[in-house]
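Let me begin by presenting the structure, written as structure tokens, before commenting on it.
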Amino acid sequence: MANNPYVSKVQYGNNVLIDLTSDTVAANKMLSGTTAHDKSGAVVTGNIPSKSGQTYTPTTSAQIIPTGRYLSGDQIIQGSANLLAENIKKDVNIFGVVGTLESGGGARLPAEYQEVEYIQTDGYAYIDTGYSYSGDAEVEMIIYKSSTAGARIFGAVENNSINRFQIGSSSSTNLQLYGTNTDGTIYTSISIPYSSTDNQWFHLKARMQSSSMGLIDVGHIKGIYSDIQPSATPLSASCYFLAENYNGTARISSGMRGKMLAIWDGANKLLVRDLVPCYRKADNVIGMYDLAAASGGTVFYTNAGSGAFTKGADV
């Protein structure tokens, strides 16, 4: 058979009707289950597997379609309309798209805001937090007192100065939390002392409720909580930051800086304000962004006074 010169040919007389001598039929060139004859006349059954249609969602690793497959259906690689440079962190390359998104404040803030180290009042600028003391509250703040004069830091005073929730000092030597005793007299917590050269950052925590009040300088471990019986009478006046709301008038200390302010309200300590110093990139307006803002609430608190804020370096 191997010596038969006509095994791969069909010849009639001198005419070659079919010539298979150059055929390359092989199993790995035909779909699985398909049959044909090679040039020797032997039956060949194909072994190429068939791959049906599939949709691929991009992930962090490659998804491989192996070689040697017959694609019997569409192989769909999904795309996304969100694969845009403005949606990708700056200089990060995702499938050839290089990001241009610059995060505002270490991703804590939306991109249209830039967090800064602090904001500073000129003596006429302040933040109206919109929060009124409910009778039970805790506040935390980081402030810088750059003057040896009295400090107006936070809070509100009303009813001819009788009812108050107020942090500050009337002298150059102590920071205090002011409350109201049940007999209507003004009470101050144990003071946090500082010297005339002690122009520095203070990390303050204060709590005032019906059973106790107190003030702590977390950063320097000065002051302690003190047990008294302050009034739990709520205030209708809004508390100011980097100032005090004194019977409807802002009292402000020049040079005060604020790095953060958080307010928890009620016995369950609901976080109602979480203010971060920043500026709005579109117009460079300086203020504080509220990370705790409820849906529909104020998220960006700007200067409520007649002066201007300056700001620290971008974070």
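Scanning segment 272-297 for residues that are within 17 Å of the chain's Cα centre (by Cα) and in a loop (DSSP other than H, G, I, E, B), we see that the one that is modelled with the lowest pLDDT is 295. Screening residue 116 against (1) in contact with a Lys or Arg (Cβ under 8 Å, 6 or more places away or on another chain); (2) without any contact (Cβ under 8 Å) to a residue 40 or more places away in the chain; (3) within 22 Å of residue 283 (Cβ to Cβ) leaves a single unmet condition, (2). Just checking, does segment 119-129 include any residue being at pLDDT below 90, among the aromatic types (Phe, Trp, Tyr) and not in a helix (DSSP H, G or I)? No: segment 119-129 contains no residue that is at pLDDT below 90, among the aromatic types (Phe, Trp, Tyr) and not in a helix (DSSP H, G or I).
Scanning segment 44-77 for residues that are at pLDDT 85 or above and farther than 30 Å from residue 25 by Cβ yields 55, 56, 62, 63, 76, 77.
Of everything listed in (1) surrounded by 14 or more Cβ atoms within 10 Å (Cβ to Cβ); (2) modelled with pLDDT under 85; (3) within 30 Å of residue 303 (Cβ to Cβ); (4) of a type outside the set (A, V, I, L, M, F, W, C), the single unmet condition for residue 132 is (2).
The values are calculated or read from the model by the stated rules, or taken from the named source; none is laboratory data. Everything quoted here is computed from the prediction, not taken from an experiment. Reconstructed Cβ throughout: ideal geometry from the backbone, glycine too, with neighbour counts over all protein chains shown.
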